[in-house]
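The values are calculated or read from the model by the stated rules, or taken from the named source; none is laboratory data. None of these values were measured; they are calculated from a predicted model. Reconstructed Cβ throughout: ideal geometry from the backbone, glycine too, with neighbour counts over all protein chains shown. These accessible areas exclude ligands, DNA and RNA; they are computed on the full protein's heavy atoms, side chains included. Shrake-Rupley method; radii C 1.70, N 1.55, O 1.52, S 1.80 Å.
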Amino acid sequence: QVQLVESGGGLVQTGGSLRLSCAASGSIISINAMNWYRQAPGKQRELVATITSGGNTNYADSVKGRFTISRDNAKNTIHLQMNSLKPEDTAVYFCNAGIRVVGYFGARDFWGKGTLVTVSS
């Protein structure tokens, strides 16, 4: 099977920085786009950033200019560098990816369990 494991969350003050990582492991043939989502208390999960297998990126308007998504295809890993953090960035951050897995036809959607980011004011 395949697992996505996030790391790097924690408590930071307003204006601070954090770097999240997500590593995919298992019987992976290839990985399509990889995404970071977040879900704040009482709110719907929202897409934060996307990176394709070719390295093209896209960001939510709320994080443009502050967050940077990057990808290491050799290690099946993505990162999210978060700078100038605000209290409204407080959320559980989830990694998501479409992955082609040994023994299955087509790509399947996988999610990590999430990592908590708390930004204090």
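Among what's in segment 69-121 and is of a type in the set (Ser, Thr, Tyr) and within 23 Å of Ser27 (Cβ to Cβ), pick the residue that is modelled with the lowest pLDDT.
Here the residue is Tyr104.
What's the total number of residues in segment 95-121 that are under 24 Å from Gly42 (Cβ atoms), open to solvent by 30 Å² or more (accessible area, probe 1.4 Å) and part of a strand (DSSP E or B)?
So the answer is 4.
Can we say Val63 is surrounded by 19 or more Cβ atoms within 10 Å (Cβ to Cβ), in a loop (DSSP other than H, G, I, E, B) and hydrophobic (A, V, I, L, M, F, W, C)?
Spelling it out, Val63 is indeed surrounded by 19 or more Cβ atoms within 10 Å (Cβ to Cβ), in a loop (DSSP other than H, G, I, E, B) and hydrophobic (A, V, I, L, M, F, W, C).
With the requirement that a residue be within 18 Å of Thr68 (Cβ to Cβ) and assigned to a strand (DSSP E or B), what does segment 11-22 give you?
Hits for segment 11-22 are Val12, Leu18, Arg19, Leu20, Ser21, Cys22.
How many of the residues in segment 66-88 are in contact (Cβ under 8 Å) with a residue 12 or more places away in the chain and either of a type in the set (D, E, K, R) or not in a strand (DSSP E or B) (or both)?
So the count comes out to 11.
What residue, among those in segment 29-39 that are open to solvent by less than 40 Å² (accessible area, probe 1.4 Å) and touching a Cys at 6+ places or on another chain (Cβ under 9 Å), is nearest to Lys113 (Cα to Cα)?
Residue satisfying both the conditions and the ranking: Trp36.
Determine which single condition Ser53 fails, assuming it passes every other condition in (1) more than 18 Å from Leu80 (Cβ to Cβ); (2) free of Cβ contacts under 8 Å to residues at least 24 places away in the same chain; (3) polar (S, T, N, Q).
With (1) more than 18 Å from Leu80 (Cβ to Cβ); (2) free of Cβ contacts under 8 Å to residues at least 24 places away in the same chain; (3) polar (S, T, N, Q) applied to Ser53, the lone miss is (1).
(1) closer than 14 Å to Leu116 by Cα; (2) surrounded by fewer than 16 Cβ atoms within 10 Å (Cβ to Cβ): which one isn't true of Val92, the others all being true?
It fails just one condition, (2).
Quick test for you: out of Gly42, Gly15, Gly8, Gly26, pick the one residue that is on the phi > 0 side of the Ramachandran plot, open to solvent by 60 Å² or more (accessible area, probe 1.4 Å) and small (Gly, Ala, Ser).
Matching residue, one of Gly42, Gly15, Gly8, Gly26: Gly42.
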